[in-house]
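What follows is a short report on a single structure.
The values are calculated or read from the model by the stated rules, or taken from the named source; none is laboratory data. Worth saying up front: this structure is predicted, and the values here are computed from it rather than measured. Because the Cβ atoms are built from the backbone with ideal geometry, glycine has one as well, and the counts that use them run over all protein chains shown.
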Amino acid sequence: MEVFSIGTAQPTAAVRADLASEMDQLHRQGLAFKLYEENLGVYSFVDCQFDQDMSCDRENQARILRYYIGNVITDLLLNSITKETLSKMIKANYGCFTLEERQTILDEAAALLNQDESRVELPPRIVRRNQILSKILRHLESQQQIVLEGFLRFQLKEYFKEIRDALDRSVDRFMLEKEYREFIRLFRYFVEIQAPRIEEVNVRVKGGGMFSLLDEDGHAIEHEQLRDILTDLGPEEIDYEDLLLSALITIAPARVVLHIIDPLEVVNTIKLVFEDRVVICPGCSICRKG
């Protein structure tokens, strides 16, 4: 009678639970099975076999058991083993982060693994799952034992690399987001400590990053610093969104009215920096101006 053994360095409760759930389908077909557990050093093994010989031949028994066990192993590799692998990588390479930050990075990396960056019709998780299941079934045809962590590291090298790459991208995103939050915090501080130099600024946000600043009477604002910046930079060097933000922080208005003709990323930044000072115009003569 065929016996298949699943080894892992993790607690085996999840393995047993997933096996029992999957084998439940066999129970409903009148096919009983047994689970055994043994510990060998740092690894624990859960053995699975049919409780009695079935009417079909041994090869059919083994084929049925391989299929159901293969599904369990695939799901374990894609879920708990992947997360545990990410956790170990973060701990080994990014120990400077807090536990909360590590969890954020781990969750982001896990989400990145399931994002579709190709043009395949099926979602990447389904494609990956089928590829991994096929490799596991081929392995179980010649081997009755599989150690999950070792199989991931040495037999699924391409997926293991995807895990590393997802982690690196997650860390990059986390650092960019952290820098952006610090950027907002610093600019918000500058705004808060300055006394407003003007009561109201109307910002007409136009296409191509262009903008115009008007006072509460609709007259153009030409701030001295703005002129200095434009003089020092050539037209090809001007980042109009950064220029707009710098101008608003320098002017420090008590109220910022945004007339959004074309959406720009800087609009969200202005909202975060100036908070309750920002008003979004629902439509007026400034908005309609050509």
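At-a-glance table
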| item | result |
| --- | --- |
| Filter result for the condition that a residue is within 30 Å of Pro282 (Cβ to Cβ) and without any contact (Cβ under 8 Å) to a residue 40 or more places away in the chain, over Phe183, Phe187, Phe154 | Phe183 |
| Residue within region 165-184 that is surrounded by 15 or more Cβ atoms within 10 Å (Cβ to Cβ), outside any helix (DSSP H, G or I) and either at pLDDT below 95 or among the aliphatic types (A, V, I, L, M) (or both) present | no |
| Tabulated pairs, region 239-264, first under 22 Å from Phe183 (Cβ atoms), second surrounded by 15 or more Cβ atoms within 10 Å (Cβ to Cβ) and among the basic types (Lys, Arg), C-beta under 6 angstrom, 6+ apart or interchain | Val256/Arg277 |
| Segments classed as helices (runs of 4 or more DSSP H), wholly inside region 1-114, with at least 3 members that are under 31 Å from the mean Cα position of the chain (by Cα) and of a type in the set (S, T, N, Q) | 82-93 |
| Counted residues, region 20-49 - those being out of contact with any Phe, Trp or Tyr (no Cβ under 6 Å at 6 or more places or on another chain), surrounded by 11 or more Cβ atoms within 10 Å (Cβ to Cβ) and at pLDDT 90 or above | 5 |
| Residue, surrounded by the fewest Cβ atoms within 10 Å (Cβ to Cβ), within region 132-147, restricted to residues that are part of a helix (DSSP H, G or I) and in contact (Cβ under 8 Å) with a residue 60 or more places away in the chain | Glu141 |
| Glu275, sole failed condition from (1) of a type in the set (Asp, Glu); (2) over 24 Å from Glu177 (Cβ atoms); (3) modelled with pLDDT of 85 or more | (2) |
| Close pairs from region 268-290: first under 30 Å from Arg185 (Cβ atoms), partner in a helix (DSSP H, G or I) and among the basic types (Lys, Arg), Cβ under 7 Å, at least 6 apart | Val273/Arg188; Val278/Lys271 |
| Within region 252-287, tally of residues that are more than 13 Å from Glu241 (Cβ to Cβ) and not in a strand (DSSP E or B) | 15 |
| Any hit, region 191-199, residues being over 18 Å from Asn114 (Cβ atoms) and either of a type in the set (Asp, Glu) or modelled with pLDDT of 95 or more (or both) | yes |
| Answer from Ala62, Ala9, Ala17 - the residue that is modelled with pLDDT under 85 and either over 22 Å from Glu141 (Cα atoms) or out of contact with any Ser or Thr (no Cβ under 6 Å at 6 or more places or on another chain) (or both) | Ala62 |
